[in-house]
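Student: Here you go, one structure.
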Amino acid sequence: MSFSSQVKNEISRIELQDNGCVLCEISSVLRMGGHFEIQENGYISSRISTENAAFARRVIKNIVHNFNLHPGLIVSKGKKLKAHTLYSLEMIGTHATSVLLGDAGLLRLDKNRTGVFNPPEEIMGQECCLKSYIRGAFMVTGSVSDPEKSYHLEIASGNEKEIIKLAEILNELDLKAKVIERKRSFVCYIKEAESIADFLNIIGAHHSLMTYENIRIVKEIRNNVNRVVNFESANLDKTVNASSRHVESINYIINKVGLESLDENLQEIASLRIENPEISLNELGQLLNPPLGKSGVNHRLKRIEEAAERIRSRLHE
């Protein structure tokens, strides 16, 4: 089961006691995923399609219990191998359907029965209703990536105004949502891990949130360990490369003019480097008497490299 399905199955089990919350959820579902058509009798029919069986059952239950409407259900499956089952809920154009759409703030029928869409604020008076509205949007067209792979949550719709309005609602909750156009639809998306966690908490997916956070913590620890290992590896490579240069310069001086050609303090550090090619500059400095810091050791070794370069230049004149 995908992480998206896990989240949708969980929030589809949330019981709504307040009729306003039910209305907001249905309103959001119809706004984001509903398809509408004006019939010959002047009434508007509506259709919602989903691949999530738990969500389909929830929508039917809420509509039946609260509006005494009985949506038709068509179950179909694609011809391709492993094709998903599609659940289509259809409400034919009747006066009862119009009442539902009107109560949900989707339309107001004038004397000519023309649908006029209204802003969602008309039915979102309380915090619980606002959360229900967001939950409905995610249930019908939302998806969230497996946190093991990436952090990405999105809700898509063919209605640009509704998606922009949803993004505004989410950003009022500081969820850092953005909107893009993708082919024939508009997408409201969140990419920040903490904002996705906050979104899951808002819609009531608490069990999924725990799973999400556990995975996120493990990933963060793993990434921190990798950063430390990479840092240590880079430092080790740097130490080895520098040591190789030092040893090469020292051996060149020994072979060409002898180590005694150097100052006594350079002879001492040169001998210690030849004997301990694998240790760091800090460790090398602790072997001196008196001990010397990293910058002092580095300065002396640079002088040795410069002396070797001068010898090379003189011998090649």
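No value in this document is a laboratory result; all are computed from the given coordinates. No experiment lies behind these values; they were computed from the predicted model shown. Neighbour counts are summed over all protein chains in view; Cβ atoms, including those assigned to glycine, are modelled from backbone coordinates with ideal geometry.
Student: Between the helical axis of 19-33 and the dominant principal axis of the chain, each derived from Cα atoms, what acute angle in degrees is found, rounded to the nearest 10?
Tutor: On a 0 to 90 degree scale, this one is about 70.
Student: Continuing with the same structure: With each run of n ≥ 4 DSSP H residues scored as -39500 (n - 2.57), what mean residue ellipticity at 222 nm is computed for the chain after dividing by its residue count and rounding to the nearest 500 deg cm²/dmol?
Tutor: The helix contribution divided over the chain gives -18500 deg cm²/dmol.
Student: In which sequence would H246, H316 go, from the one with the fewest C-beta neighbours within 10 Å to the one with the most?
Tutor: H316, H246
Student: How large is the dipole of the chain about the Cα centre if only Lys and Arg carry +1 and Asp and Glu carry -1, each at its Cβ, rounded to the nearest 20 debye?
Tutor: Values: 40 positive and 41 negative charges, 243 e Å.
So the magnitude is around 1160 debye.
Student: Moving on to the next point. How far, in degrees from 0 to 90, does helix 193-202 lean away from the longest principal axis of the Cα atoms of the chain, to the nearest 10?
Tutor: With both axes taken from Cα atoms, the answer is about 30 degrees.
Student: Let me ask another. Using a Gaussian network model of the chain whose springs link C-alpha atoms within less than 10 Å, name the residue from P290, P147, P277 with the highest mean-square fluctuation.
Tutor: For the chain, modelled as a Gaussian network with Cα springs under 10 Å, the answer is P290.
Student: Are any of the pairs K77/K178; K219/K302; K77/K219; K8/K161 more than 31 Å apart by Cα-Cα distance, and if so, which?
Tutor: Details: K77/K178 33 Å; K219/K302 42 Å; K77/K219 37 Å; K8/K161 24 Å.
Flagged as over cut-off: K77/K178; K219/K302; K77/K219.
Student: For V59, V75, which order do you get if you count the other beta carbons within 10 Å of each Cβ and list the fewest first?
Tutor: Values: V59 24, V75 10.
Final ranking by Cβ density, sparse to dense: V75, V59.
Student: What percent does the relative contact order of segment 161-220 come to when contacts are Cα pairs within less than 8 Å and at least six residues apart?
Tutor: 22
Student: Let me ask something else. I'm spelling it out carefully: the read-out is Cα Rg over 2.2 N^0.38 Å, the candidates are (i) 0.93; (ii) 1.77; (iii) 1.00, and one was derived from this structure. Which label?
Tutor: (ii)
Student: Note down the relative contact order for the chain as a percent, whole number, built from C-alpha pairs under 8 angstrom at least six residues apart.
Tutor: About 14 percent, as a whole number.
Student: Would you mind telling me which residue in Q126, Q39, Q267 has the biggest mean-square fluctuation in a Gaussian network model of the chain, where springs connect alpha carbons within a distance under 10 angstrom?
Tutor: Looking only at Q126, Q39, Q267, the biggest GNM fluctuation is shown by Q267.
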